[in-house]
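Asker: Take a look at this one; I'll ask things after.
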Amino acid sequence: MSNKQTPTPHIGAQFGEIAETVIMAGDPLRAKFMAENFLTDAVQFNKVRGMLGYTGTHDGKRVSVMGHGMGMPSMGIYTYELFNFYGVKTIIRVGSAGSISNDLHVGDLVIAMGACTNSNYAAQYELPGTYAPIANFELLRGAAEACDRLGYNYKVGNVFSSDVFYAENAHNDKWIQMGVLAVEMEVAALYMNAARSGNRALAICTISDHILTGEVTTAEERQNTFTHMMDVAFSLL
């Protein structure tokens with residue numbers, strides 16, 4: 001790894017300005033919220049393309065927060081650069097997901113043990129089969145234990161990382177038959193980038209809507225429950 005590789009085309013930070021652990025959210029304003037509410041002495045390290053990033057401390061431990069945008073191409077770019085050019089060792093995604101499980105309701109958390117996908121992202125590796133992107137077990141176990149300790153409702157299992165938000169034919173019934181819990185758009189790329197670079201990753205998502213019942217979060221519910229996944233993520237430092 002060379003300092004000459006930074007800044008990158010998408011991140012304006014110099015090498016050393018980003019902590020070894022980064023907590024990421026799709027919405028850069030959620031990264032700003034975490035910086036303002038969870039970090040001490042936060043310093044902004046990125047504003048390129050509006051993808052805000054900050055480094056500070058939480059309970060005395062150095063950590064960065066940053067947006068990653070929507071979809072696997074965006075997640076793939078930012079996490080690749082963080083893992084491969086900035087020396088990041090751990091990335092935790094805190095995001096939203098749509099439930100397709102009768103056991104996961106609005107405001108609950110889903111901890112993504114694995115990520116199914118309809119993406120072609122893994123084709124770049126030219127593997128002789130179908131790759132199964134999975135989380136780092138140490139992080140996953142810690143997140144589940146934190147949820148138990150904090151009293152948060154959660155499920156651990158597979159999510160479906162979709163390349164399409166407005167799908168013509170989502171085939172949710174088929175994913176339900178395979179025990180998939182929720183739909184989102186980024187986890188598979190995060191887990192593949194972590195595996196390929198030899199690093200750690202985990203995704204903790206809040207259920208923002210229920211795809212089968214039409215249940216959605218209100219503004220008040222988002223305000224009161226979306227911080228739960230952040231509590232869990234910061235407990236893993």
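The values are calculated or read from the model by the stated rules, or taken from the named source; none is laboratory data. Predicted model, so just to flag it, every value in this text is computed and none were measured. Every residue, glycine as well, gets a Cβ built from its backbone with ideal geometry; the counts of neighbours run over all protein chains shown. Surface accessibility is based on the protein's heavy atoms, side chains included, excluding ligands, DNA and RNA. Shrake-Rupley method; radii C 1.70, N 1.55, O 1.52, S 1.80 Å.
Asker: Please go through the range 125-153 and pick out each residue that is under 17 Å from LEU190 (Cβ atoms) and assigned to a loop (DSSP other than H, G, I, E, B).
Answerer: Once the filter is applied, which keeps residues that are under 17 Å from LEU190 (Cβ atoms) and assigned to a loop (DSSP other than H, G, I, E, B), the range 125-153 yields TYR131, ALA132, PRO133, ALA135, ASN136.
Asker: Could you look through the range 160-189, keep only residues that are of a type in the set (Val, Ile, Thr) and farther than 14 Å from GLY71 by Cα, and pick out the one that is farthest from the chain's Cα centre (by Cα)?
Answerer: Initially, the range 160-189 is screened for residues of a type in the set (Val, Ile, Thr), giving 164, 176, 180, 183, 187.
Keeping just the survivors that are farther than 14 Å from GLY71 by Cα gives 176, 180.
Values: ILE176: 22, VAL180: 17 Å.
For the range 160-189, the residue satisfying everything is ILE176.
Asker: A further question on this structure: Go through THR217, THR206 for me and flag whichever is of a type outside the set (Lys, Arg) and either surrounded by fewer than 22 Cβ atoms within 10 Å (Cβ to Cβ) or modelled with pLDDT under 95 (or both).
Answerer: Numbers: THR206 fails: either surrounded by fewer than 22 Cβ atoms within 10 Å (Cβ to Cβ) or modelled with pLDDT under 95 (or both).
Answer to the check: THR217.
Asker: Any residue that is surrounded by fewer than 21 Cβ atoms within 10 Å (Cβ to Cβ) and aromatic (Phe, Trp, Tyr) - is there at least one of those in the range 86-106?
Answerer: For the range 86-106, residues surrounded by fewer than 21 Cβ atoms within 10 Å (Cβ to Cβ) and aromatic (Phe, Trp, Tyr): absent.
Asker: Let me ask something else about it. I'm trying to understand the selection: among the residues of the range 5-20, which are within 18 Å of ILE91 (Cα to Cα) and open to solvent by 30 Å² or more (accessible area, probe 1.4 Å)?
Answerer: HIS10, PHE15, GLY16, GLU17, GLU20
Asker: Further question on the same structure: Please go through (1) crowded, with 19+ Cβ neighbours inside 10 Å; (2) at pLDDT below 95 for THR117 and return the number of the only condition it doesn't satisfy.
Answerer: It fails just one condition, (2).
Asker: Do we have any residue at all in the range 128-149 that's open to solvent by 50 Å² or more (accessible area, probe 1.4 Å) and within 28 Å of GLU220 (Cβ to Cβ)? Show your work before the answer.
Answerer: The first filter runs over the range 128-149 and keeps only residues open to solvent by 50 Å² or more (accessible area, probe 1.4 Å), leaving 128-132, 134, 137-138, 141, 145, 148-149.
Filter once more, keeping what is within 28 Å of GLU220 (Cβ to Cβ): 148-149.
Yes, that holds for at least one residue.
Asker: Another one. Please go through the range 21-51 and give me each residue that is more than 19 Å from ALA203 (Cα to Cα), of a type outside the set (Lys, Arg) and open to solvent by 30 Å² or more (accessible area, probe 1.4 Å), ordered by number.
Answerer: GLU36, ASN37, THR40, ASP41, ALA42, VAL43, GLN44, VAL48, GLY50
Asker: So which residues in the range 116-150 are without any contact (Cβ under 8 Å) to a residue 12 or more places away in the chain and among the hydroxyl-bearing types (Ser, Thr, Tyr), if there are any at all?
Answerer: THR130, the sole residue that qualifies.
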